[in-house]
Structure formats: C-alpha cells, structure tokens
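Trainee: I'd like to ask you about the structure that follows.
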C-alpha cells in the first residue's frame, strides 16, 4: 500500500496502481539557493518588523529535486517568549524543504512538524498533527490575530507573522514559505503564548 495525498485528503492505494517517478525540473547552484533564502529571510524579517500589509506572497521556491544546503550555523530562539519572537524565529527557515512527517527546521518538516519544532525552541510542547493543533492554547478570532498565533486550516497549519501573512511548510515543491493568511479558509486560530 502507498499513502497518497489528493488536495487536502490522505488515503491509501494499492502499489499495483501506482508508478513513482522522481522529476527534477531545475537544478540550482548552492549560491543561488543561499541568495534566494537570504532575500526571503530579509523580506520576512522586514514584514514582521514593519507589520507589512502587502498581500503578495513572498516565497523562496525549492524544488523537491534540488539539494538543500543546510549550513553548519546553529539556530537559537531569541530570549523571551513573545509571539513576535516566535514569528521572527520561524521566518529564518524560509526556503528550507518540506518533508512529509519531518520535524527538522533545517532539513525538512511538514506543516505541523514545522509549527511544533518552532514552538519547541520556546519551551512549548505541541502535537505533530494539524488537526490536534486546533485545540491547543486558547481560541482567538481572525480579527485579533497576532504574530506567533497558530493558524489552522483544513488539513494544514501555519504561524501568523503579522500583516495578514503566515509562514508555513507548504508542500514539497515550495518548502517553507510565506503566504497570505487568507489563501485558504481559516478553520481556527490558537494562541499558546
């Protein structure tokens, strides 16, 4: 049996009916990947600091076939546990890969693994489940969202960074990126700090 995802739903299909192919669309140099990641991080940090309300999506695409360079730098959460600190910390991983079931901020995470791992750096334990994230902390209305809030969608979860934008582990094609928070219907918003 092979686990498959169609839209936001997961299911299983007999391996007899599945052909797995790896397609590498574009190769990128390490320098190009690092430059795109640095530009996305700079834009994300500016967005968090300025409370930018620009609705365009700023992302650094990373093909599932391109190799991600995980630098030897260590990441540490800023002192203090404010939502803005959570948002700023999360944005430094923009451009890193999406890995289904993953929890590594540098080598790949899925949506709930990303949120869980970001908050782990602030001493908060969260489930590795987008559905379970709907019940953590306390409920917040979309009109009262603040940086660091957990934004829950059907089958997906993200972190609000301010200015109507989220940072999230989107998919294998786009990796960790910044999007407009209203790109899908929001199911719940939760605050844990």
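Read the figures in this text as sums done on the coordinates, not as results from a lab. Everything numeric in this text was worked out from a predicted model, so none of it was measured. Using ideal geometry, Cβ is built from the backbone for each residue, glycine included, and neighbour counts are taken over all protein chains shown.
Trainee: Tell me the relative contact order for region 83-137 as a rounded percent, counting alpha carbon contacts under 8 Å between residues six or more apart. Please list the in-between numbers first.
Mentor: Working: 62 pairs, mean separation 12.6, N = 55.
Reported relative contact order: 23 percent.
Trainee: Between residue 154 and residue 15, what length comes free when the chain is fully extended (0.36 nm per residue of separation minus the Cα-Cα distance, one decimal in nm)? All intermediate terms of the calculation are to be shown ahead of the outcome.
Mentor: Values: separation 139, 0.36 × 139 = 50.04 nm, distance 2.70 nm.
Working it through step by step, the gained length comes to 47.3 nm.
Trainee: Also, I was wondering about something else. Mind jotting down the distance between the C-alpha centroids of region 144-158 and region 86-142, whole Å?
Mentor: 10
Trainee: May I ask you to work out the translational diffusion coefficient for region 88-129 at 10 °C, viscosity 1.306 mPa s, via Stokes-Einstein with Rh from the Kirkwood sum over Cα pairs, reported in whole µm²/s? Show your work: numbers first, answer last.
Mentor: On the way: Rh = 10.0 Å.
My calculation gives 159 µm²/s for D.
Trainee: Shifting gears a bit: What distance in nm lies between label points placed 7 Å from Cα along the C-beta direction at residue 29 and residue 107?
Mentor: Roughly 2.7 nm, to one decimal.
Trainee: Measuring from label point to label point, each 7 Å out along Cα→Cβ, what is the residue 124 to residue 143 span in nm?
Mentor: In this crude label model, residue 124 to residue 143 measures out at 2.3 nm.
Trainee: Continuing with the same structure: Taking other Cβ within 10 Å of each residue's Cβ, how do 160, 183, 10 sort, fewest first?
Mentor: Numbers: 160 27, 183 15, 10 11.
The most exposed by this proxy come first: 10, 183, 160.
Trainee: Next up: Sort 190, 138 so the one with the fewest other Cβ atoms within 10 Å of its own Cβ comes first.
Mentor: On the way: 190 19, 138 8.
Least to most surrounded, the residues fall as 138, 190.
Trainee: Fewest to most neighbouring Cβ within 10 Å: what's the order for 29, 142, 106, 19?
Mentor: Working: 29 10, 142 13, 106 19, 19 5.
The most exposed by this proxy come first: 19, 29, 142, 106.
Trainee: Normalized C-alpha radius of gyration of region 127-175, against 2.2 N^0.38 Å?
Mentor: Details: Rg = 11.0 Å, N = 49, 2.2 N^0.38 = 9.7 Å.
Ratio of Rg to 2.2 N^0.38 Å for region 127-175: 1.14.
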